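Contents: one structure, followed by commentary.
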Amino acid sequence: MHFVTNPYDCNNLKITCTFAAPRIAQLLNSKIKRSFLTGLFHNFTSNLNSILPDLTCKIQQVNLSYHHHIFAPSQDFIKTISLKPSIFMTNVRLTQILFTFFIFFLSPACAQKIKYTIHHYTSDDGLPQNSIKSITADSEGFIWMGTEDGLVRYDGNRFYTFNAASLQINNTRSIFMQPALRQHPKAKRAQQGSNAITYVFFMGSPSVKIEKGTAILDTAYYNRDYKQLAPFKKETPYLFQSTGLPNFLMRMTPLRHYLIRSGNTDNDFFICDSSHITSYKNWKPKYSQEFRTDNLWNYFVIGADLCYFHEKAAAITIFSLKTKTTLPLSGDILKNPAFKTHKKNIRIYWNNVSDQVYLYLKKSLYILRIPDGKHVAGQRTNSVLPSTTLLVEDFDLVSTGIEEIYYDQLNKQVFLGSGTEGLYVLSQQQFQTINVKGDFRDNVFYAQVPNDQNTVLTADGRIVGKDFTTRTTLDRFEPLIRRLNGDDKFSMIKTKNGDIWTKQGSVLFHFNKTRDKVLGEWHFKYNVDAMHQDPSGRIWFESNDEGLFYIDAKDKNDKPVLLIKNPQLRITTIKSGRTGHLLVGTQTGLYDVDIHLKKEFVVAGTAGLHIKSIYTDTQNNNWITTLKKGILLLTPEGSLITFPLDKNEYLASPHCIVSDQVGYFWIPTNTGLFQIASEDLLRYATLSLPQNPNAIKQPLPSGLFYNFHTKNEGFNTNEFNGSCDPCGVRLQNGYISLPSLNGLVWFNPEKFTTNEPNGNIILDKAEVNQRLLNTSHDTLYFPLNPHRIRLQFATVYSGNKYNLTMSYVLVKKNETVLPSDWITIQNDNFIVEFSSLNSGNYTLLVKKLNGFGINNYTVKKIFFVVPLFWYETWWAIVLMIAALLFIIYSFIVLRLKKITLANERLEEIITQRTDSLKVTLEELEQSKNQMGGQLQLMSTLLASISHDIQSPLYYIFHASEEIGPLVKKGDLDNILKIGILISDVSRRTGNMLLDLLNYLKVNVYGKRMSFEMINLSELIDEKLAIFKTTIASKRSHYINEIPAQVQVRSDLQMLSIIIHNLLDNAAKYTYNGEIRIYTQTNDQGNIELIISNSEKGLSPQIIELLNNKTIEKNEEQPLRRAQTTGLGLLIVKEVADILGISIRVTQTDQTVFYLEFYG
């Protein structure tokens, strides 16, 4: 049986059977293939048993790893599968079948693919629009994209759009980009794919220049380029300028003449037609060659070389001065199975702006590199083949509409621009997580030791690793360790001779290096923890609540010896210290144990600290991780240094420290993984120690760079595991293995690309009072008295934004900046705001931590010029001094005149004061008159109260005294009469009091009214609710016919008094009748409120009073008149006059009140 498969896609599996029996081969080809494509291997084995009844396949255990269609068998599967020959099959044939079967599975054909973290950005994530027309990078590292709604800059974490307002253009629809200068002659070697100067062209608009992180309008370039191209367009009609591939015109327009820019500047180019290519250098022809082709779209340029892609042959022709060389492709694309059969389907993607060419074949993307060839006598001498490197696997560029590609080689990121789906950013993962079969508990790892070059051994006897040849996960068990310790994962050691020590709760085990024999087994009362082997070979460990033990490997008895009996120690880790000493970490501090004295001494400064781990470097520095106190350093001299935490204090409880060979500490935590340069910590420690008094004191660094890594870089979880020993280990192959809650995290620090935030700081935008300032230079000129100042900065960084730290300080000229003056920018958009600025000159300093290194900062200086007020200028100061001198002189002169005019002024003052006294007396007289009127009103009110209220009250008092005797006599008729009388008197007294109160309201509130729009219908309903019972008791009814939308302008309080009294009057005199309230518009267009009732209850005097347009203003008169007319209607008349409401009344068979509202 022979297997032929696609090395990169197990979905396209092809199986060819070479059994002697044709029927068996046919069944295998049909059934095996169908079941295998399901991805479920047990279906495959069941089909195999069903179609080969004479062939017994017993599979005790199957381990089929599945990851993105990647299959590989485990060692257990290889060991446990067994085949028994049938009558027609020999052992030789079975061996061949089994061999080819295993070769298929163990081959790298289905190896793990390149892993990327994919971020998909659309207009919902900051893009102005989802059509990406072009992608490139500038010399600062910013990614630039042209869209149909503006130019977009990406700094690795956020998008910034240059729109019509910021670019000063009318149409923001980007057409294409064109490189103008790839690298400045004096600049250092730039990253391939970035340009020093790029121009972007918009629909119907001039060109925009991209340089050093900014974009500005540059009409001169558009005019110059158009002018220089004019002669070529005249000589070669239908000249089309290249804009990269693919191009939407490819299927619509056959090219006649094709202009392709090349080289470092935009002055060099090629012009190609169907028979020739012509090279131009600095706008002048350099050479021409004959080359016939029907498809000009297959031309492209890499660097200064013009190339042509042959689709059918998958070859490339490279042109030089005198020759043209056609070479086949080489590299990773040849490993793609589709290359042999479908090479004509290769698609070419050419980013002419970034000078990058890609080949795409069956969901795999390759970058094409043309080797740098030397030219001797005009001929290319380098015969190295064009190479292809695999970038992306299993990503469908066609279905996602990818049209633009850019590869950031430094940060290992691929940018894919879609014509409809926005932007895809694929970031290559440098970490990989190894997961094993089983449930989630099996992937929770703790203590581990290196097993061999590619695997680790865990405390519970599991061997986990990776075969880097086949890229398959290795997972098996040490049977003996697994049988004796299947649960305890927290502590183990591997001795110098390869023996394994581990424990299961309170039982300690010693296994030989082949792990097939138990050399020792000890049972303790309590749990065993924190094992360690010292240089002499002793094994140290702790038993909780018992103390510190050791076993001397040289002692044949292997009997544990209790060195220190201290149940309070609660040891967490043990490490060898100086000769004859141990460093013992506990939950209450770090202890120095003297082995000879059998005593422990707490290390100064560590009392009360929970020690988690200890790492000793080659200089005998002891690096300590603690719970909630971060990282400590105990120097060989005994000094203890504490290091600052990160901004969110994720480093407060690090698990352990693992060092690599390139100078970094790798520190896992519960929130992610930190990478710290050990040299930075040592330098910080040196500056922290007491210095020589005679030496110049150096300040402590204001910040240390802690590179923070999270799960989007390849972890399954940000939570690593600690409280185990050993925690992190380094393997022989260079990889570091760290335990987490979901798998083992592996990475090779020697091959690790560290992404540091070392980009320059760019000022994006400056606003004052929500108006933009010109930011083309580092000096900002503010308007007078600026307020609401807002500055937005940017920097390039594609790593975790947690690693970006910016701060600022604003200083005046000649001011000294102190470390405490710096203010950290807390927002992700790096916005600095000031509420206002006084006049003067300032310097804004913005600094950013660049990465590793002490005081490794980039500082951006922005100069502020705030204009002076006129009185702060030099000429104003001179004028004020001159004015002051003039005032002094004038004062002396005028002093003499002042003495002369003193009498005149005195007389004038006396006259003025006399006039003032007259005015005051007049005002007092008016106050006196008003006071007299008020007193008169009060006396009249008292008289009215005495007469109209006191008398009824006395009557009620005397009448109520008669009730008692009448009750005793049982004279109910007289009691009823007295009750009716009391009720009637009380009602009239109450009405009289209400009238008096309303009258007082008129006098009090009439002088401070507030007019507003009042809904009449609602007000009438409110008042009718008061009289509803009274009206009903007199067997009458009311009708409110006022429309809901009718409103009048008046004072609510005063108008309420009028309506209340009118409705009260209507309710009082209407028996078995109707009260109707409605409105009408009179001939003058004014609204009239009409209240009518079906009874006649007004005397002619009252009607005359109400219809009279004037009313006497004597304070005493109203109360006198009220005795005959009723105080309520008098109040209505007075309030109506105050409000400017005309009131009139008619009385025939019914009484009708008319209230006319003006305006």
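Using Cα pairs under 8 angstrom and six or more residues apart, how large is the relative contact order of region 762-867, in percent?
It rounds to 31 percent for region 762-867.
By how many nm would the segment from residue 267 to residue 801 lengthen if fully extended, with 0.36 nm per residue of separation less the alpha-carbon distance?
Gain in length upon complete extension: 188.3 nm.
Put a dot 7 Å past each Cα toward the Cβ at residue 661 and residue 642; how far apart are the dots in nm?
3.7
Taking amide H atoms as placed 1.01 Å from N in the peptide plane, list the residues 5 or more away in sequence, or in a different chain, whose amide H sits under 5 Å from that of residue 1036.
1072, 1073
7 Å from Cα along Cα→Cβ at both residue 765 and residue 597: what's the point-to-point distance in nm?
Label-label distance for residue 765 and residue 597, simple model: 6.8 nm.
Multiplying the sequence separation of residue 788 and residue 679 by 0.36 nm and subtracting their Cα-Cα distance, what value in nm do you get?
That pair, residue 788 and residue 679, stretches by 34.9 nm at full extension.
Tell me, what is the FRET efficiency for residue 815 and residue 168 to the nearest 0.05, using R0 = 45 angstrom and their Cβ-Cβ distance as r?
0.75
All other residues with a Cβ under 15 Å from the Cβ of residue 891 taken together, and with Lys, Arg as +1 and Asp, Glu as -1, what is their net charge?
After counting each charged neighbour, the total is +3.
Each residue of region 487-494 in turn: what ³J(HN,Hα) in whole Hz from Karplus with 6.51, -1.76, 1.60 and θ = phi - 60°, glycine and Pro shown as x?
Here the 3J(HN,Hα) series is 10, 7, 10, 9, 8, 6, 9, 10 Hz.
Averaging over all projection directions, find the projected area of the Cα convex hull of region 483-577 and quote it in nm² with one decimal place.
If you wrap the Cα atoms of region 483-577 in a convex hull and average its projections, you get 6.0 nm².
Under a Cβ-Cβ cut-off of 14 Å, what is the net charge of the residues other than residue 605 that fall near it, where Lys and Arg count +1 and Asp and Glu count -1?
Surrounding charge for residue 605 is -1.
Determine the gain in length on full extension of the stretch residue 512-residue 627; use 0.36 nm per residue of separation and subtract their C-alpha separation, reporting nm with one decimal.
37.9 nm
Under 5 Å between amide H atoms, partner at least 5 residues away or on a different chain: which partners does residue 609 have, H built in plane at 1.01 Å?
The list, which skips near neighbours in sequence, is 589, 590.
Estimate the FRET efficiency between residue 871 and residue 834 by the formula 1/(1 + (r/R0)^6), using the beta-carbon distance for r and 25 Å for R0, to the nearest 0.05.
Efficiency at R0 = 25 Å is approximately 0.65.
Please report 818, 981 as a ranked list, fewest other C-beta atoms within 10 angstrom at the top and most at the bottom.
818, 981
How large is ³J(HN,Hα), in whole Hz, for each residue of region 432-441 in order, when computed from phi with the Karplus curve 6.51 cos²θ - 1.76 cosθ + 1.60 and θ = phi - 60°, using x for Gly and Pro?
Those phi angles translate into 9, 10, 9, 10, 10, 5, x, 8, 5, 5 Hz.
Given H placed 1.01 Å from N in the peptide plane, which residues other than close sequence neighbours of residue 760 have an amide H under 5 Å from its amide H?
796
List, in order, the whole-Hz ³J(HN,Hα) value for each residue of region 278-290 obtained from phi through the Karplus relation with A = 6.51, B = -1.76, C = 1.60 and θ = phi - 60°; use x for Gly and Pro.
10, 9, 10, 10, 6, 6, 10, x, 10, 7, 9, 9, 8
Once R0 is set to 41 Å, what does the formula 1/(1 + (r/R0)^6) return for the Cβ-Cβ distance between residue 1101 and residue 925, expressed as a FRET efficiency to the nearest 0.05?
Efficiency at R0 = 41 Å is approximately 0.70.
None of the figures in this text is laboratory data; all of them are computed from the coordinates on show. Small disclaimer: the values here were computed from a predicted structure and weren't measured. Neighbour counts are summed over all protein chains in view; Cβ atoms, including those assigned to glycine, are modelled from backbone coordinates with ideal geometry.
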